[in-house]
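Only one structure is covered here, and it is reproduced in the block below.
The values are calculated or read from the model by the stated rules, or taken from the named source; none is laboratory data. Because the structure is a prediction, the values reported are computed rather than measured. As a convention, Cβ positions derive from the backbone with ideal geometry for all residues, glycine included, and neighbour counts pool all protein chains shown. Just the protein is used for accessible areas: all its heavy atoms, side chains included, with ligands, DNA and RNA removed. Shrake-Rupley method; radii C 1.70, N 1.55, O 1.52, S 1.80 Å.
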Amino acid sequence: MSDLAHPATAQARRLPLPEFIAMLAFLFATIAFSIDAMLPALPDIAADLTPDNVNRAQLILTTFVAGMGLGTLFAGPISDALGRKRTITIGFGIYIAATVAALYANSLEFLLIARFVQGLGAAAPRIVGLALVRDLYEGREMARISSFVMMIFIMIPAVAPTLGAGIIAISDWHGVFLAFIAFAVVGALWLNIRQAETLPPAARRPLRIGTLYAAAREVLSDRQVMLTTLILTLGFGQMFGLLSSAQQLFGETYGKGENFHLWFAAMALLSGSGTILNATFVMRFGMRRIAKWAYIMQTVVSGVALVLILSGVLPDALQFPLFFFWAVSVFFMAGVTFGNLNALALQRMGHIAGMAASIVAAISTLAAVMIAAPVGLLYDGTAIPAITATLICSALAWFLMRRLTD
């Protein structure tokens, strides 16, 4: 039996809860910052590296997500064998090396390769951070802590585009990558200086094919885990679909390009109420019920928005307010559902938390890219492709939620 099975030992490995939450939020924020801080840079990168087809610049976002999705296949099992802290530190090292390469990119193709490798490295803090939480907490308590983490984490999308725009104003788009390096260094130092290892050697699982196969088979054969993974895929797909088109929608469709970063910040801050509500009520109502009603809400909001846009009955003055309200609802849905769904997926997988977190995240992220990339490339000057994709994804997620147990 692992020494983590003994409450006294587990307690000794815990930071004070506020610092633990803040540290995890910072680790996860590396991912959000790596995506959202790039949004104001896309027009400049497109002008420099792909002037003949500016839509291709969106691939800078989805390529990073694809690399992260692939990296999640390895980060969890490696952390089960080497420990959580060492794996996250290795991931940060890969992330920093790829970021340095991106600084010297002179073609879109080279930049995309660097972004893909950057995503591989970012997979470690994202996935192993979840396993670290599962080492110490479970069930609704894990969901509650995940919600608090998301509450802080949501502030990064709120300020990332503004920070990115400020960095670009005093340098150029290359300066954003220097900020990525600073973020990664701070995260790695915080983790290594303050957080004790949560997976002792006695509880580790060696990187042997037979051991990995047995763990993967256990995860993949669990109906609850696979249903949750599919629901997460639909949630990530609709959110990444909106992110990939966000700069064009705000700038080209609704003429808010100059203040895009401010509108994006307002959207993220307003949607952060979802994480607050979830942290407040998840212990009372349960993870499954709250996530189900979030997808019902998103289905209704997206359906109404699509009907109003397609019917042409909405006055021009209300077009942007409707879009903005809908965009806030997408991020609100993410804040309410993602922490709950991850907790549901890992609930019975504490003994192989790294492998379970890897498989869930790898499948959901890579499959979400297959949803988001076409949505971004289908941008036609309107919000119709993004809203339609969200409506379909949320309706399917709602249907699947009925088959989950809490």
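Quick notes on this one:
- Accessible solvent surface per residue of the chain, calculated while the other protein chains remain in place, 1.4 angstrom probe, Å²: 38 Å²
- GNM top mover of Tyr254, Tyr104, Tyr295 - the chain, alpha-carbon springs below 10 Å: Tyr104
- Carbon-plus-sulfur accessible fraction, the range 307-384 (probe radius 1.4 Å, protein heavy atoms only): 75%.
- Check: the range 210-310 dipole with +1 on Lys, Arg Cβ and -1 on Asp, Glu Cβ, in debye: 440 debye
- Take Lys256: with every protein chain present and a 1.4 Å probe, its accessible area is about 60 Å².
- Our summary gives the chain a relative contact order of 28 percent, counting only alpha carbon pairs under 8 angstrom and 6 or more residues apart.
- Candidates Gly210, Ala98, Leu242 compared by Cα position along the dipole of the chain: farthest toward the positive end lies Gly210, with charges placed on Cβ.
- Arg289-Thr382 FRET efficiency (beta carbon distance; Förster radius 22 Å; 0.05 resolution): 0.05
- Test item: Cα-centred dipole of the chain, Lys/Arg +1 and Asp/Glu -1 on Cβ, debye: 1560 debye
- All Cα-Cα distances of the range 146-266, cut into 10 Å bins from zero to the largest, leave 10, 22, 29, 24, 13, 2 percent in each bin in turn.
- Counting every alpha-carbon pair across the chain, the share separated by more than 35 Å comes to 22%.
- Spin-label model distance (nm) - Ser171 vs Ser107, 7 Å beyond Cα toward Cβ: 2.5 nm
- Surface accessible to a 1.4 Å probe, His174 within the full protein complex, Å²: 50 Å²
- Compared with the alpha-carbon gap, the fully stretched path from Ala182 to Leu400 is longer by 74.4 nm at 0.36 nm per residue.
- Residues of the range 76-93 with an amide N closer than 20 Å to a point placed 7 Å from the Cα of Thr211 along the Cα-to-Cβ direction: 76-91.
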